[in-house]
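The values are calculated or read from the model by the stated rules, or taken from the named source; none is laboratory data. None of the values given here were measured: they were computed from a predicted structure. Virtual Cβ from ideal backbone geometry, glycine too; neighbours counted across all protein chains shown. In case anyone asks, the SASA skips ligands and DNA or RNA and just uses the protein heavy atoms, side chains included. Shrake-Rupley method; radii C 1.70, N 1.55, O 1.52, S 1.80 Å.
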Amino acid sequence: MLDYDLHCHSTVSDGLLTPADLVARAAGRGVKFLALTDHDDIAGLAEAAEAAARLGIGFINGVEVSVSWGSHTLHIVGLRIDPAYPPLVEGLHAVRNGRGARAQLMAESLAKVGIGGALEGAYRYAGNPSIIGRTHFARFLVESGYSKDVRSVFNNYLVKGKPGYVSHQWATLPDTVSWIRGSGGIAVLAHPGRYTSGRKHMGSTTLRELLREFTDLGGQGIEVVSGAHTPEQYAEFARYAEEYGLFASCGSDFHGPGESYRDLGGLPDFPLGCRPVWQLWENK
Ligand code: AMP
Ligand code: MN
Ligand code: MN
Ligand code: MN
């Protein structure tokens, strides 16, 4: 079992627990090193770091940046970032700025299929209104009885081709990697098994193109063990890590009790041969 959980969310983005509560839960579940990786925002890091210090676990400053790459939306996790680095702070601010207008369009498109009040409804679930996103709409739709749970609501309303989906321009991949690396951090491709085009997974040709570009830009890691991956995918992405010389990362992608694929911590070991991403900062 791994002592590390390097991907999770608090109320600063679309998680259900405050940064301090999230850290306490992680510590209680045996996590020794935790990274908080809220979407497009770093406002929870100070509170989380303080809680981690109090509880005696290691804390890593993180973020999960939303990126548009061709027709795909990708997530890039930054680990050991400097939250005061101005290009990162300004870049994330710009990414967040687009979310309000997007939410408005999502609500309008849901209204067209007869679902009213979605904008106000979603904002009620957004602890941090500047990160309003699909998860908050999902919670509203479940609350209103349109779906039985957050998982099925996505498939019926919030993915490409469905009424509540609005395409959006996020950060570029080169900008994202440069904000992370420029701040002294490590750029990691999050949950590569999650990227779909329509109903199909991103094919291996496209994934190879992405990994080539990502490594050329200075990307150094890939999530091998993710709460969003199957054990078969651990092996698959371990092979890609090896092929592209990437360090392996691991994270639950926990959002809240009862809402996630996995709870915090307890992640299984990497397949043999993986170089853990923490080799980049330990024993230095
Ligand atoms: P956004 O950044 O607003 O597009 O929201 C993306 C977030 O929605 C992800 O980080 C997940 O928390 C959640 N999400 C996306 N797809 C799904 C899905 N199929 N099931 C559950 N949650 C999802
Ligand atoms: Mn999320
Ligand atoms: Mn993600
Ligand atoms: Mn995530």
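Worth pointing out:
- Which listed residue is touching a Leu at 6+ places or on another chain (Cβ under 9 Å) and within 16 Å of ligand 2 (Cβ to nearest atom), from Val225, Val153: Val153
- Number of the condition not met by Thr176 [criteria: (1) under 18 Å from the mean Cα position of the chain (by Cα); (2) outside the structural domain of Val77 (by TED's automatic domain parsing)]: (2)
- Candidates Arg239, Arg194, Arg208, Arg212, filtered to the one that is out of contact with any Leu (no Cβ under 6 Å at 6 or more places or on another chain) and either within 14 Å of ligand 3 (Cβ to nearest atom) or not assigned by TED's automatic domain parsing to the domain that holds Asp40 (or both): Arg194
- The set of residues in region 241-264 being in contact with a helix residue (DSSP H, G or I) (Cβ under 6 Å, 6 or more places away or on another chain) and either over 17 Å from Phe33 (Cβ atoms) or not hydroxyl-bearing (Ser, Thr, Tyr) (or both) consists of Tyr244, Phe247, Ala248, Glu259, Leu264.
- Subset of region 116-146 [within 16 Å of ligand 3 (Cβ to nearest atom) and open to solvent by 50 Å² or more (accessible area, probe 1.4 Å)]: Arg134
- Residue in region 253-263 that is in the same structural domain as Val23 (by TED's automatic domain parsing), touching a Lys or Arg at 6+ places or on another chain (Cβ under 7 Å) and more than 16 Å from ligand 4 (Cβ to nearest atom) present: no
- Per-region count, region 37-61, residues part of a strand (DSSP E or B) and within 14 Å of ligand 1 (Cβ to nearest atom): 1
- Among residues of region 101-141, those that are free of Cβ contacts under 8 Å to residues at least 60 places away in the same chain and polar (S, T, N, Q), counted: 2
- Selection over region 132-161 of residues that are under 15 Å from Arg102 (Cβ atoms) and of a type in the set (D, E, K, R) gives a count of 2.
- Meets criteria (touching a residue at least 60 places away in the same chain (Cβ under 8 Å), within 30 Å of Leu280 (Cα to Cα), in the same structural domain as Val225 (by TED's automatic domain parsing) and assigned to a helix (DSSP H, G or I)) for Leu74: no
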